[in-house]
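> Input: one structure, supplied below.
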Amino acid sequence: MRLAGLADTTAAPDRTLARWQRWTVLGIVSSALLLIALDNTILYTALPILSNELSATNSQQLWIINGYPLTMAGLLLGSGALGDRFGHKRVFQIGLLIFGAASLAAAFSANPESLIIARLLKGVGAAAMMPATLALIRISFAAERERNIAIAIWAATATVGMAAGPVVSGVLLEWFWWGSVFLINVPIVLAASILMVAIGPRNLTNPARRWDAVSSTQALVGMAASVLAIKTWAEAPLNLPLALISTVFGAAAMTLFVRRQLRLMRSPVEPLVDFAVFRNRGFSGGVVAAGASIFTIMGLQLVITQRYQLVEGFTPLQAGLLVTALAVASMPFAIFGGAVLHRVGLLVLIAGGIGTAALGTGIVIAAAVQDALGLLIAGLVVSGIGLGASMSVASTAIMGNVPPRRAGMAASLEEVSYEFGGLVAVATLGSLLTFVYTRTLDLPAGDQQLVGSSPAVALTGDDAAVVAAATAAFDSAYLAVLVATCVVVTLGALGCVVLLRRYTPGTESQAYPDNH
């Protein structure tokens, strides 16, 4: 997550806020952003335990993971306009309360269905909050230099949150039940809500701003149907009618969305997505980099945390700490990338960074073949270095190459790139994991009833023959997912090379450098 939700670039700063109030507002919105980012990855280490406790099927596991980012990605394009119209402070507070209530419901879910519904509601709350967080920083900080520092802290918080998800989950699961990974949100939500009411900036409204509910609904339905289609095609046995219906429905909804945006481009009403901005190769390169980067991060974290818990016997905390090598390596290089962009250019940092991540993923594949933990950590470090360098300037490429009047839309597209990239990673790679596992699982006679169950059931059983067969099948699936991830990130690197080939060292990387 980067400069997401810059929905109202013309809002006047609230110059009545004292210095301590401004920085407290930053703390409030950053704490909310931390919760949003944590929830993207916090279930990775909790999923095996949670699945056993709730007896969740493979399909339900995918929706438990996917429901949250799916809802958020579908609503993000329109939520910025909602904040412009009714006020970002008010929308932030409403989103915060929805997020907290849904967290409470998730913590005490009695079955997979109720947990999925709670995750969907959390996505609604997160989508309302996300655009408001940066808008409130803009309103609270009048001085440009001070505001730039605040935005840098805000952006770093998102990175830390996503990286810390598996670790926070692991720590909580060492001492508490699985519901604690959701319950931890509630006291932070209550404190942030009270503080925002007490010291937050004025609520600035713009009744003339239109919220395009039709476009937002089309995007949400189209993405939901597309994810359903992906996971249904990978299920065994295949539900062909559902697979065909969801595929057609998803394609139809996204087609209607695109046609509506193209029609609105020729009208006085501003579309949620102005496709003309994609003609700028710097912008398009940033979008590709954002999607490829988050696909790699989410894919690696998802499959590695599960494999090392189920097969190697790691605790949730140990599995979470293992994948943090990716984030720890990325942080210093993210700072380095931003510092040298004006000299090095987009091509080297973005295309080179994504290419380095592809190399690191290749090392992770070698580690899987050799079952070498040290080599796996080395691969994660190399991938983290590349991803840090590329992600640090992807936001600059996106925000700096659109006109100021389109900054809000560009920021929404940027956030959707990250969210949808992660969503597609979890849906496709999770489905691939299930697909390969079920089709390579060769169980002893009499245990065929375990074929359609979660891998956790067979891998944690008492029958040595069943465990051995499940381990072999899961390792095959694990390797397939890693290879698929490597292919995607390699294609992303090649795409960035083509798009950014003119952004060599010494060239301008931004057409609108002040558009932040």
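> Going 7 Å from the Cα of GLU312 toward and past its Cβ, which residues in the range 337-371 have a backbone nitrogen under 18 Å from where you end up?
Residues 360-371 qualify, since their backbone N sits under 18 Å from the label point.
> Residue farthest toward the positive end of the dipole of the chain, with Cβ of Lys/Arg at +1 and Asp/Glu at -1: which of GLY352, GLN318, SER412?
SER412
> Keeping all protein chains in the complex and leaving out DNA, RNA and ligands, what accessible area do you get for LEU121 with a 1.4 Å probe, in Å² to the nearest 10?
Surface accessible to solvent at LEU121 totals approximately 90 Å².
> Here's another thing I want to ask about it. Pairs of alpha-carbon atoms within less than 8 angstrom and 6+ residues apart define the contacts here; what relative contact order does the chain have, in percent?
After rounding, I find 22 percent.
> Can you give the accessible area of TYR44 in Å² (nearest 10), computed on protein heavy atoms with a 1.4 Å probe?
My reading of the accessible area for TYR44 is about 0 Å².
> Same structure, new question: Kindly give Rg over Rh for the range 269-344, based on alpha-carbon atoms, with the Kirkwood expression for the hydrodynamic radius.
So for the range 269-344, dividing Rg by the Kirkwood Rh gives 1.16.
> Okay, next question. At a 1.4 Å probe radius, which order do HIS88, HIS342 fall into by accessible area, largest first?
Final ranking, largest accessible area leading: HIS342, HIS88.
> Based on the mean of other beta carbon atoms within 10 Å per residue, what is the order of 99-111, 124-136, most packed first?
Top to bottom by mean Cβ count within 10 Å: 124-136, 99-111.
> Longest exposed-loop-site-free stretch of the chain, with GluC sites (Glu not before Pro), DSSP loop and at most 15 other Cβ within 10 Å?
With a cap of 15 other Cβ atoms within 10 Å, the longest stretch comes to 1-311.
> Full extension from ALA468 to ILE194: what is 0.36 nm times the residue separation minus their Cα-Cα distance, to one decimal in nm?
Contour length minus the Cα-Cα distance gives 93.3 nm.
> Let me ask you something else. Using +1 on the beta carbon of Lys and Arg, -1 on that of Asp and Glu, and nothing else charged, what's the dipole of the chain about the Cα centre, debye to 20?
Rounded to the nearest 20 debye, it is 2160 debye.
> Label ALA366 and GLU113 with points 7 Å out from Cα along Cα→Cβ: what is the distance between them in nm?
Rounded to a tenth, the inter-label distance reads 5.0 nm.
> Can you give the accessible area of TRP233, probe radius 1.4 Å, in Å² rounded to 10?
Using a 1.4 Å probe on the heavy atoms, I get roughly 110 Å².
> Using helices alone, I'd like the mean residue ellipticity at 222 nm for the chain: each DSSP H run of four-plus residues gives -39500 (n - 2.57), total over residue count, nearest 500.
Computed mean residue ellipticity for the chain: -26500 deg cm²/dmol.
> How much length, in nm to one decimal, is gained on full extension between LEU104 and VAL483, taken as 0.36 nm per residue of separation minus their Cα-Cα distance?
Working it through step by step, the gained length comes to 132.7 nm.
> Roughly how tilted is helix 112-140, in degrees to the nearest 10 and between 0 and 90, from the longest Cα axis of the chain?
30 degrees
> Can you compute the label reach from ARG210? Point 7 Å from Cα along the Cβ direction, backbone N cut-off under 20 Å, restricted to the range 55-88.
Within reach of a label on ARG210, which here means backbone N under 20 Å from a point 7 Å along Cα→Cβ, the range 55-88 contributes 75-87.
> Take the alpha carbon gyration tensor of the range 245-308, find the square roots of its eigenvalues, order them as a ≥ b ≥ c, and report rounded if a/c is under 1.5; if not, report prolate when a/b exceeds b/c, else oblate.
The shape class here is oblate.
> If you don't mind, another one. Let me know the Rg and Dmax you get for the chain when you use only its Cα atoms, in Å.
Radius of gyration, then largest Cα-Cα span, for the chain: 22.2, 75 Å.
> If you don't mind, another one. Treat every Asp and Glu Cβ in the range 209-332 as -1 and every Lys and Arg Cβ as +1, leave all other atoms uncharged, and give the resulting dipole magnitude about the Cα centre to the nearest 20 debye.
Using Cβ point charges on Lys, Arg, Asp and Glu, the range 209-332 gives about 540 debye.
> Using the Cα gyration tensor of the range 322-424, with a ≥ b ≥ c the square roots of its eigenvalues, what is the shape: rounded (a/c below 1.5), prolate (a/b larger than b/c) or oblate (neither)?
Note, shape of the range 322-424 comes out prolate.
> Still on this structure: So how do 387-394, 369-376 stack up, highest first, on mean other-Cβ count within 10 Å?
387-394, 369-376
> Rounded if a/c is under 1.5, else prolate if a/b beats b/c, else oblate: with a ≥ b ≥ c from the C-alpha gyration tensor eigenvalues square-rooted, which is the range 48-105?
It is oblate, given that a/c is not under 1.5 and a/b is not larger than b/c.
> How high is the relative contact order of the range 302-423, given as a whole-number percent (alpha carbon pairs under 8 Å, six or more residues apart)?
Relative contact order of the range 302-423: 28 percent.
> Restricted to Cα positions, what overall size does the range 166-228 have along the principal axes? Three whole-Å values, descending.
50, 43, 15
> Right, another one. Considering the options PHE182, SER30, VAL402, tell which one lies farthest towards the positive end of the dipole of the chain, charges being +1 on Lys and Arg and -1 on Asp and Glu at the Cβ, about the Cα centre.
Final value for the positive-end residue is VAL402.
> How would you rank 314-323, 349-358, highest first, on the average number of other Cβ atoms within 10 Å across their residues?
In decreasing order of mean packing, 314-323, 349-358 become 349-358, 314-323.
The values are calculated or read from the model by the stated rules, or taken from the named source; none is laboratory data. None of the values given here were measured: they were computed from a predicted structure. Backbone-built Cβ (ideal geometry, glycine too); neighbour counts: all protein chains shown. Side chains included, ligands, DNA and RNA excluded: accessible areas come from the protein's heavy atoms. Shrake-Rupley method; radii C 1.70, N 1.55, O 1.52, S 1.80 Å.
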